[in-house]
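Following: one structure in structure tokens, then a few remarks.
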Number of protein chains: 2
Amino acid sequence: MRQVGSVLWPKLRLLQVYGANTGVGKTIFSSVLCRAFQKRFPKVHYLKPISTGPQHEADDQQSVSDASVLAAVHDELSRYATGEDGVAIVETAGGVLSPSPSGSSQADLYRPLRLPVFLVGDHQLGGIGTTISAWESLHLRGYDVKSVALFADDRYDNHSYLKDYFAERDVHAFSIPPPPERIADTTQDAQSMRQYYEYVGSLQRVTTFTDRLLEAHDKRISDLQSMPAEADESIWHPFMQHRERSKDTIVAMDSAYGDYFQTYTTKREDQASSKTETALLKPAFDGSASWWTQGLGHGNPQLALTAAHAAGRYGHVMFAGAVHEPALRLAQTLIEKMGNSRLSKVFYSDNGSTGMEVAVKMALRAATVRNGWSADDQILILGLKNSYHGDTIGTMDLSEPSIYNKKVEWYSGRGHWLDFPQVKMRKGQWVVEAPEDWEGAQATSDQGRVFDSLDGVFDFDKRKHDHSIYMDYCGAMLAGLEKEGKKIGALILEPILLGAGGMMFADPLFQRCLVESVRDKGLNAQSTGDEADWAGMPVIFDEVFTGLYRIGRFSAASFLGVDPDIVVNAKLLTGGLLPLCTTTASQSIFDAFLSDDKSDALLHGHSYTAHAVGCAVANQSLDIMMKMDRDGTWTGFKESWSQPGHETAPPADRKVGAWSMWSNAFVKAISHRSNVDYVFALGSVLAISLKDPAGASYASTAATGLRDKLFAGNPGEQWVIHSRVLGNVLYLMAAMTTSRETLEVIEEKVFTALE
Amino acid sequence: MRQVGSVLWPKLRLLQVYGANTGVGKTIFSSVLCRAFQKRFPKVHYLKPISTGPQHEADDQQSVSDASVLAAVHDELSRYATGEDGVAIVETAGGVLSPSPSGSSQADLYRPLRLPVFLVGDHQLGGIGTTISAWESLHLRGYDVKSVALFADDRYDNHSYLKDYFAERDVHAFSIPPPPERIADTTQDAQSMRQYYEYVGSLQRVTTFTDRLLEAHDKRISDLQSMPAEADESIWHPFMQHRERSKDTIVAMDSAYGDYFQTYTTKREDQASSKTETALLKPAFDGSASWWTQGLGHGNPQLALTAAHAAGRYGHVMFAGAVHEPALRLAQTLIEKMGNSRLSKVFYSDNGSTGMEVAVKMALRAATVRNGWSADDQILILGLKNSYHGDTIGTMDLSEPSIYNKKVEWYSGRGHWLDFPQVKMRKGQWVVEAPEDWEGAQATSDQGRVFDSLDGVFDFDKRKHDHSIYMDYCGAMLAGLEKEGKKIGALILEPILLGAGGMMFADPLFQRCLVESVRDKGLNAQSTGDEADWAGMPVIFDEVFTGLYRIGRFSAASFLGVDPDIVVNAKLLTGGLLPLCTTTASQSIFDAFLSDDKSDALLHGHSYTAHAVGCAVANQSLDIMMKMDRDGTWTGFKESWSQPGHETAPPADRKVGAWSMWSNAFVKAISHRSNVDYVFALGSVLAISLKDPAGASYASTAATGLRDKLFAGNPGEQWVIHSRVLGNVLYLMAAMTTSRETLEVIEEKVFTALE
């Protein structure tokens, strides 16, 4: 699959000429620029890829896709880049948003290239408005528009207004005299135009412009080249031992579009030696979905426009005792679509950590009030080993001591954490494996051990034996805790997939049994019997990572067929645009904070709680994903995972089968590779556990070799893969909009890169 | 000062007609709409406020300000609203962004009204692009554009393309036949046009449009009216005892612009009984600056466009081991402009709480490494009573037990907290008061007690006696802690102003002495002697609230003339648009995490760490404020605070004098009111401490009466004041762009509302 990214070559200066409207003189300006650059460079290229813009004016071109136009332009520019020092001018057709042959717009068509833009303004009546609007349309599509030029027309004097307007916005604007009237006699006309071009070319402002362009080109390159070293100087990176950092390890991101970052590294440039035709930027597939947040492609124009609209309508309106439409609508959507009748109230915060802090405060209070505990009692949570809920100290305390937290001075794990059976694709077979010496291991040494499909793992009706063993185990475990006098304030689970703790796939039946057990035989005082009331202990599902379609469904809890009392969502919530988190709770949890005393309330909040821009973007992001779900956008992916006997009648409480955007055949194939321990895939997530002779841990480096190989790519490859590792696990994550074609290429690259 | 807000009346349907370009038929469409509505309503109003758009075409109108046009339109519409059931159509001049008489644009001029928009599309060649760009320009200014209509011109067929394009964006688009050619004979021409209007008026699509508009109007009102009750149903509000909440206490925010929310409350509507001419929306001055975040006005177009550009260019690009231009530039700006030569590395997170979690992890590690402590040691922080650093459990532990945290199950204060002397304007005099029975009280019972100006409090050179007494107190306090064997890992201060803990103004000299003391005589192992190295214990300044011009300077630390080792910034950082936080640390703090072991690193991060949109908006926000600072935008405010003998030669390390946007005379005046205990003001912050017979505390309700009075306003008042209280303190906060004229009106309202 062809992937065209942003282009930048050391010795080829690029300029894309857009028009604020038709008939504003793009071609004349292009000629002026060509002539100006010809004075300086032996080679000036001029390219006008599509002579007719709007689709309806060129029906014969309807079949031309954006991708093929882009590829052709990219090839042509690449050819220029191998030649002498020069300039290339790419002229567009019509106005900025005039339709491309495929029906998208000029600005959307060329966006992946992100060429520096020369915008020809509109000198006609009304041209001030059309020029500024055109500039805004380019700006919000991520283009750098540093120059605007137009014909001086003294009737309207647009150029005077625009010059001042753009100067305030750091955009250089200038005007040139309009061309002479055309003359019927072609020889005379040609001479008249020649004189015009000569005269215009002599103008200082044209020379100034060319100077600026050359400087801007050099500056863009030098800025990019110096960015890694400057970042090494002034940035403290997250999750990094900085002794391992240098300017050569830092990836500079010029921009991102769709599935791809546009990357620069000093290392890659060194490898390419000093060949001037070498592109400085390389597209890299965003293989961690930008830390699991990205769902609808980078630079998604709908999300960007939605953010801008909300910013224009509200800015941020403080949420204490207030409400606005985006926050209300988002709350209602979450409560409705989660399919969990317990859920009733949405609390907003900024990220998964704060959302989990809120969740645990909610649960502990509910448990304390009902059980008559005091705030001084040592209250613990019940959870799984290798869980991860965030980096604030309170959420660190939700996990057992690990590399993440054990050296943090104020960390003190406050919980009881269980080992758990995991689902793995091992040598072509789905298996459920218990940890060594696990007390509940009996469950997995019986017939339930091997499954003929991933769906089989979720077919709880057929796993009655496992169910009964898990229930016995959970019952005994709870009885033990009770005997020890432990006060347990919440059960906290990441449903199915334990993310940052190592990308582990928990047996969903085991998680379900845990929830059933704490509710049936839970410690502590009993619930009111109301079905929506929590029982035993409040159950929190941390769906920050797994919720909202990441593993294929709106609600990750629906895989287990149980309803938590509190659910936390973030990441995909805003489609990968900006931070927002929701903690959704049941009425009975909410009621625990009601009293006549203000100090009994949940006195928690953040400045940007329910900020309008975040909520609006979340609504848009959810709308798009729910529509994709309804429209069967992922049907193709699902097909490779459907199994006779499962897909026709899935259990009613779990609606559809398990599926992944990664193909079943690929997952099977790589599970046989010699350096692979096991694999799994669900939704857009793929995790490859590599064999590490030193044992699996976060400190393992078994996977870094594969990561580096994928990012280095092979010579001549158009794009590479940027990925993240967790110890010996390399994971890859697609956006919910990534195409099968793209994933197929990635699957091939990964298959090849494995031994 | 006249304040025009968004308008919404029950029985007056409004529509603003914008053109995608000039010459697209706005007036004809307005006529078509007028005629269509006349079939349904006795009264249809048509208003065209400015017949000539661009400034340069009407030089005689140059003196017409946007505010006066807006006021005139508002008055006219208000007059219509008192009449019969009807419709008003407001036609604009030129295109969407054509200049207004003042030189701004049509869309910017009318923005505060936020009328529903009818956009007349461009049927001419190139009109697809100009129409979509015009729509985008309106959209990013917060307008609701639900209808686009244009002439059907079969040569270009723009209408077919646009109909589909907008349908996907939930915008209803339709076309009508173009008008007939004009005829020289006026009688015939009039007849021809009459026939045209009759024919067009008979078209189903026009009827459909009018139906939709009427429905949309009713729906906008019913949505607004139901929002408080629905929020009561589905929202869990921050910082609120929900037993006190009902649909009648929740404020619905329709939108916000500049300094004002556009608010709806069921209570206000009830009070106004069922008068149909009563405006449903009321502008309310955002008196808490939306929880202290807002700095450049709601709906600021520069911030909105910047957010859109970054969203288009990047979306969010994951920051692990990566860098992008907005994050790098922001880090460099902060390090450079803070004026603190210690600072060297910027860590990004999402809000003040997470930023403080990071800061405390940094400081404790640095202290632990140097002192050879173990992670199991009980390490405390040193701070002031009534400090507040956030709501995550780790940051709660930084404060002494209080109403905010004491009932939180996992809270455990880990510090030693000091009482401190406060600065107050009491009965017209600036005083420094020590708490009762304070061990350091001697300092304030001496001549330093009363000051002739606020600047006097900051004139440390003249307060040598206070300095020596404070130093003695601090020295003794540190010696006591050392004797008790306490391990203190950090000194944490909110410089000058303790925000959420009750808006207390700490004596800056005392805070300075604390820092000097821990560095001079601090416990623990000694520093390397390097000037940039921390000594005694790391010093953290929480400038989340006070930094970045909130109290008048880029750096709040500069008021104290001391350089912290770690500074946390948020709130104004992004101008009140979206969440972002920075924790900036010295090289010596950074170095404490360097080792060959990954687990020694600061293993902290959030998904959206250094998200590009946030960083880009922060750069824009800081650029604007730094420019305002350079250009002397606040000179007028400063003048009322400058005192002979102080302003001419301020101490070199503290650059300029203390000043406030609230006038010196006003602050003095209200300090004499009988129900006022004391007042203070600095930068954009004003805090009024009210007398409470029951004593001052967060649970006090002394200030809520004043708050409610300001929000209710007086009958006939154009706008009211929305404010927040902290116990017995009512505070008001302006944006950095709020005008003196606006503040004068507020000062008058507040003065009157006080007894």
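The values are calculated or read from the model by the stated rules, or taken from the named source; none is laboratory data. Source: prediction; values computed, not measured. Ideal geometry is used to build each Cβ from the backbone, glycine not excepted, and the neighbour counts take in all protein chains shown. To get the accessible areas, we keep the full protein, side chains included, count just its heavy atoms, and leave off ligands, DNA and RNA. Shrake-Rupley method; radii C 1.70, N 1.55, O 1.52, S 1.80 Å.
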Candidate set from region A:364-381 (those that are in a helix (DSSP H, G or I) and more than 9 Å from every other protein chain (Cβ to nearest Cβ)); member that is most open to solvent (accessible area, probe 1.4 Å): A:VAL369
Hits in region A:138-162 - residues which are outside any strand (DSSP E or B), under 18 Å from A:ASN21 (Cα atoms) and either more than 12 Å from chain B (Cβ to nearest Cβ) or touching a Lys or Arg at 6+ places or on another chain (Cβ under 7 Å) (or both): A:ARG141, A:TYR143, A:ALA152
Candidate set from region A:209-225 (those that are among the basic types (Lys, Arg) and within 13 Å of chain B (Cβ to nearest Cβ)); member that is least open to solvent (accessible area, probe 1.4 Å): A:ARG220
B:MET425 vs. criteria modelled with pLDDT of 90 or more, over 26 Å from B:ASN664 (Cα atoms) and surrounded by 15 or more Cβ atoms within 10 Å (Cβ to Cβ): no
Which numbered condition B:VAL725 misses (of (1) closer than 16 Å to B:SER290 by Cβ; (2) in contact (Cβ under 8 Å) with a residue 60 or more places away in the chain): (2)
Residue match in region A:691-699 (condition: closer than 23 Å to A:ALA735 by Cα, at pLDDT 85 or above, outside the structural domain of A:GLN422 (by TED's automatic domain parsing) and of a type outside the set (Asp, Glu)): no
Filter result (modelled with pLDDT of 95 or more and within 14 Å of chain B (Cβ to nearest Cβ)) within region A:16-31: A:TYR18, A:GLY19, A:ALA20, A:ASN21, A:VAL24, A:GLY25, A:LYS26
Tabulated pairs, region A:468-487, first in the same structural domain as A:HIS416 (by TED's automatic domain parsing) and under 18 Å from A:GLN511 (Cα atoms), second assigned to a helix (DSSP H, G or I) and open to solvent by 60 Å² or more (accessible area, probe 1.4 Å), C-beta under 7 angstrom, 6+ apart or interchain: A:ILE469/A:GLN442; A:GLY475/A:LYS521; A:LEU478/A:LYS521
Residue selected from region B:472-494 under the condition open to solvent by 20 Å² or more (accessible area, probe 1.4 Å) and within 40 Å of the chain's Cα centre (by Cα), by the criterion farthest from B:GLY352 (Cα to Cα): B:TYR473
Flag for A:PHE451 being aromatic (Phe, Trp, Tyr), modelled with pLDDT under 95 and under 31 Å from the mean Cα position of the chain (by Cα): no
Selected residue [at positive phi and among the aromatic types (Phe, Trp, Tyr)] from B:PHE239, B:PHE209: B:PHE239
Meets criteria (modelled with pLDDT of 95 or more and among the hydroxyl-bearing types (Ser, Thr, Tyr)) for A:SER402: no
Near pairs, Cβ below 6 angstrom, 6+ apart or cross-chain, from region B:734-755 (of a type outside the set (Asp, Glu)) to any residue that is loosely packed, with under 15 Cβ neighbours inside 10 Å and outside any loop (DSSP other than H, G, I, E, B): B:ARG740/B:GLY636
Residue that is farthest from A:THR583 (Cα to Cα) [pool: residues in region A:303-339 that are open to solvent by 10 Å² or more (accessible area, probe 1.4 Å) and more than 8 Å from every other protein chain (Cβ to nearest Cβ)]: A:THR306
Members of region A:576-592 that are open to solvent by less than 10 Å² (accessible area, probe 1.4 Å) and at pLDDT 95 or above: A:LEU577, A:LEU578, A:PRO579, A:LEU580, A:CYS581, A:THR582, A:THR583, A:THR584, A:ALA585, A:SER586, A:ILE589
Within region B:163-208, tally of residues that are among the small types (Gly, Ala, Ser), part of a helix (DSSP H, G or I) and surrounded by fewer than 17 Cβ atoms within 10 Å (Cβ to Cβ): 3
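Residue-by-condition table, conditions (1) modelled with pLDDT under 95; (2) β-branched (Val, Ile, Thr):
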position	(1), (2)
B:THR130	no, yes
B:LYS146	yes, no
B:PRO177	no, no
B:TYR197	no, no
B:MET227	no, no
Selection from region B:295-340 of residues that are β-branched (Val, Ile, Thr) and either outside any helix (DSSP H, G or I) or within 30 Å of B:ALA107 (Cα to Cα) (or both): B:THR306, B:VAL317, B:VAL323
Answer from A:THR584, A:THR546 - the residue that is farther than 21 Å from A:PHE458 by Cα and assigned by TED's automatic domain parsing to the domain that holds A:VAL423: A:THR584
Qualifying residue in region A:266-285 (condition: within 7 Å of chain B (Cβ to nearest Cβ) and either outside any helix (DSSP H, G or I) or hydroxyl-bearing (Ser, Thr, Tyr) (or both)): no
Checking A:ALA479 against (1) among the hydrophobic types (A, V, I, L, M, F, W, C); (2) at positive phi; (3) at pLDDT below 95, the condition it does not meet: (2)
Matching residues, region B:105-136, being facing chain A (nearest Cβ under 10 Å) and either over 18 Å from B:PRO301 (Cβ atoms) or in a loop (DSSP other than H, G, I, E, B) (or both): B:ARG114, B:ASP122, B:GLN124, B:LEU125, B:GLY126, B:GLY127, B:ILE128, B:GLY129, B:THR130, B:THR131, B:ILE132
Residues located in region B:294-304, provided they are closer than 11 Å to A:ALA310 by Cα and hydrophobic (A, V, I, L, M, F, W, C): B:ALA304
Count - residues of region B:148-170 that are modelled with pLDDT under 95 and closer than 27 Å to B:GLY299 by Cβ: 3
Residue match in region B:95-111 (condition: touching a His at 6+ places or on another chain (Cβ under 8 Å), modelled with pLDDT of 95 or more and either open to solvent by 10 Å² or more (accessible area, probe 1.4 Å) or among the small types (Gly, Ala, Ser) (or both)): no
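Residue-wise test of (1) of a type in the set (Ser, Thr, Tyr); (2) within 27 Å of the chain's Cα centre (by Cα); (3) closer than 30 Å to A:THR263 by Cβ; (4) assigned by TED's automatic domain parsing to the domain that holds A:THR306.
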{"residue": "A:LEU97", "(1), (2), (3), (4)": "no, yes, yes, no"}
{"residue": "A:TYR110", "(1), (2), (3), (4)": "yes, yes, yes, no"}
{"residue": "A:ARG114", "(1), (2), (3), (4)": "no, yes, yes, no"}
{"residue": "A:ILE132", "(1), (2), (3), (4)": "no, no, no, no"}
{"residue": "A:SER147", "(1), (2), (3), (4)": "yes, no, yes, no"}
{"residue": "A:ASP153", "(1), (2), (3), (4)": "no, no, no, no"}
{"residue": "A:SER160", "(1), (2), (3), (4)": "yes, no, no, no"}
{"residue": "A:ALA167", "(1), (2), (3), (4)": "no, no, no, no"}
